[in-house]
Amino acid sequence: MNWFGFGKKKSKPEEAAPEQPAEAPAEQPDAPAPAPVGETPAPVAGPVQGDALTPVPDPAMEPAPAPAPAPEPEAPPAAPVPAKPEGFFKRLSSGLSKSSAQLSGVFTKRKLDSEALDELEELLIAADLGAATAAKVIDRLAKDRFDKDVTDTEIRQALADVITETLEPFQAPLDISGSAPQVLLFVGVNGSGKTTTLGKLAVKMTREGANIITAAGDTFRAAAVEQLEVWSKRAGAHFLSRPHGADAAGLAYDAVQEGRRIGADAVLIDTAGRLQNKAELMEELRKILRVIAKVDEAAPHHVVLVLDGTVGSNAISQAEAFMEAAKVTGLVMTKLDGTAKGGALVQVAEKFALPIHFIGVGEGEDDLQPFIARDFARALAGLEA
Ligand SMILES: Nc1nc2c(ncn2[C@@H]2O[C@H](COP(=O)(O)OP(=O)(O)O)[C@@H](O)[C@H]2O)c(=O)[nH]1
Ligand SMILES: [Mg+2]
């Protein structure tokens, strides 16, 4: 499958580089220093060679999707038509069973009177779908089926239809076809799946022939740096890091500079997610945004908010916080394979009108799927694909 169109177009780094003064920005204290700091690895380790491009087999995973089929000549680069590996829907629907199970049993063959409708509305709200979506489902059912017998399946169908209609406008591929390097910042609270999502994307992109730089911007956790290094090796991406506790904005600055220098297609920047100290986190994110805009005023081209599907409606307050801290441009929801409460995605997308790019359905490199509203809706409603 070809998600990003790298096989088709070759970006020209020269075009991407508007004439900008090369000198260091005044507020950028240590970033522009070309030399690596202390025992930091060289700013950009060469792409790992040898078997780095060979996917690491993950026994828990299903077979990887077939390598990109011959691209159709006229296919638009951003066509959201992913081939899904077998069993993907099953994993999604079992992950969402916590939500869909809430609907079970209650509505098996019974009359849809106003009491039943109230009960259903409560269930939908409890499943984090939000009052607006719950009301839409109720209205639809009431219109067609009021005082008639309804089956469990009819209820689920109405729910799936409403969620599909609600989310379809937000189903949007991640478009990185603009001027290279495209700069992507990954934000979200600790543990939401930022590093993993960044790693999975790096793998996808390099498989499509893209030249990628990753930057370990969560400099507060040594483990996060190592984790990204492992993913970067797996992807065959250039990896940039700094010592523990170093300035993340400086690293981000270097990464974007380096991306321009080597003509990379994309620079993927990881960040820390210490929402406990909101003011500090916001300041750090703002600083990152400020300094990378000095290298390329259009950067970051994407600020991807990674939300954990298991946190339920907490996702809404997280989205609120990150919308404030950084201009979020799109969403990924992870862990929809576990015991997710994915209904909150409906609320987040609607409330913030944010495109949803991908969902995470596992920890392996192929466990990131383009977001398909209909699949998500049917899984959430407990229907078959
Ligand atoms: N089951 C499952 N686990 C995931 C998924 N995405 C990430 N994880 C796991 O969640 C944990 C936190 O992820 P990480 O990427 O380190 O989060 P970060 O702190 O936001 O960078 C790790 O153990 C990941 O392997 C997913 O889609 N499904
Ligand atoms: Mg991380």
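Could you tell me whether the range 205-220 includes any residue that is small (Gly, Ala, Ser), in contact with a helix residue (DSSP H, G or I) (Cβ under 7 Å, 6 or more places away or on another chain) and assigned to a helix (DSSP H, G or I)?
Let us first name the residues in the range 205-220 that are small (Gly, Ala, Ser), namely 209-210, 215-217.
In the following step, the residues that additionally are in contact with a helix residue (DSSP H, G or I) (Cβ under 7 Å, 6 or more places away or on another chain) were identified as 215-217.
Okay, now just the ones that are also assigned to a helix (DSSP H, G or I), so none.
So far as the range 205-220 goes, no, none of its residues is small (Gly, Ala, Ser), in contact with a helix residue (DSSP H, G or I) (Cβ under 7 Å, 6 or more places away or on another chain) and assigned to a helix (DSSP H, G or I).
Per the listing MET333, MET323, the residue uniquely among the aliphatic types (A, V, I, L, M), free of Cβ contacts under 8 Å to residues at least 40 places away in the same chain and surrounded by fewer than 23 Cβ atoms within 10 Å (Cβ to Cβ) is MET323.
Of the residues in the range 218-234, at least one is hydroxyl-bearing (Ser, Thr, Tyr) and either more than 30 Å from LEU380 (Cβ to Cβ) or within 13 Å of ligand 2 (Cβ to nearest atom) (or both).
For the range 249-261, the count of residues that are surrounded by 19 or more Cβ atoms within 10 Å (Cβ to Cβ), within 16 Å of ligand 1 (Cβ to nearest atom) and assigned by TED's automatic domain parsing to the domain that holds LEU184 is at least one. Being within 16 Å of ligand 1 (Cβ to nearest atom), at pLDDT 95 or above and at negative phi: is that true of VAL311 here? It is false that VAL311 is within 16 Å of ligand 1 (Cβ to nearest atom), at pLDDT 95 or above and at negative phi. For the range 233-240, the condition of being within 16 Å of ligand 1 (Cβ to nearest atom), out of contact with any Leu (no Cβ under 9 Å at 6 or more places or on another chain) and aromatic (Phe, Trp, Tyr) holds for none of the residues.
Residues are listed down the side, and each one gets a yes or a no for (1) surrounded by fewer than 21 Cβ atoms within 10 Å (Cβ to Cβ); (2) more than 18 Å from ALA216 (Cα to Cα); (3) in contact (Cβ under 8 Å) with a residue 60 or more places away in the chain; (4) within 16 Å of ligand 2 (Cβ to nearest atom):
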{"residue": "ARG286", "(1), (2), (3), (4)": "yes, no, no, no"}
{"residue": "VAL291", "(1), (2), (3), (4)": "no, no, yes, no"}
{"residue": "ALA298", "(1), (2), (3), (4)": "yes, yes, yes, no"}
{"residue": "VAL306", "(1), (2), (3), (4)": "no, no, yes, yes"}
{"residue": "GLY338", "(1), (2), (3), (4)": "yes, yes, yes, no"}
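If you check VAL346 against the conditions, is it β-branched (Val, Ile, Thr) and within 16 Å of ligand 2 (Cβ to nearest atom)? Give the steps one after another, and end with the answer.
Details: β-branched (Val, Ile, Thr): yes; within 16 Å of ligand 2 (Cβ to nearest atom): no.
No; evaluated as a whole, the condition is false for this residue.
Count of the range 262-280 residues, restricted to those that are surrounded by fewer than 20 Cβ atoms within 10 Å (Cβ to Cβ), closer than 20 Å to PHE220 by Cα and either outside the structural domain of THR197 (by TED's automatic domain parsing) or not small (Gly, Ala, Ser) (or both), is 6. Whether any residue in the range 163-178 is at negative phi, outside any helix (DSSP H, G or I), surrounded by fewer than 21 Cβ atoms within 10 Å (Cβ to Cβ) and within 16 Å of ligand 1 (Cβ to nearest atom) is what I want to check. No, because not a single residue in the range 163-178 is at negative phi, outside any helix (DSSP H, G or I), surrounded by fewer than 21 Cβ atoms within 10 Å (Cβ to Cβ) and within 16 Å of ligand 1 (Cβ to nearest atom).
The values are calculated or read from the model by the stated rules, or taken from the named source; none is laboratory data. Note that the structure is predicted; figures quoted are calculated from it, not measured. Counting neighbours? That spans all protein chains shown, and the Cβs are built from the backbone with ideal geometry, glycine included.
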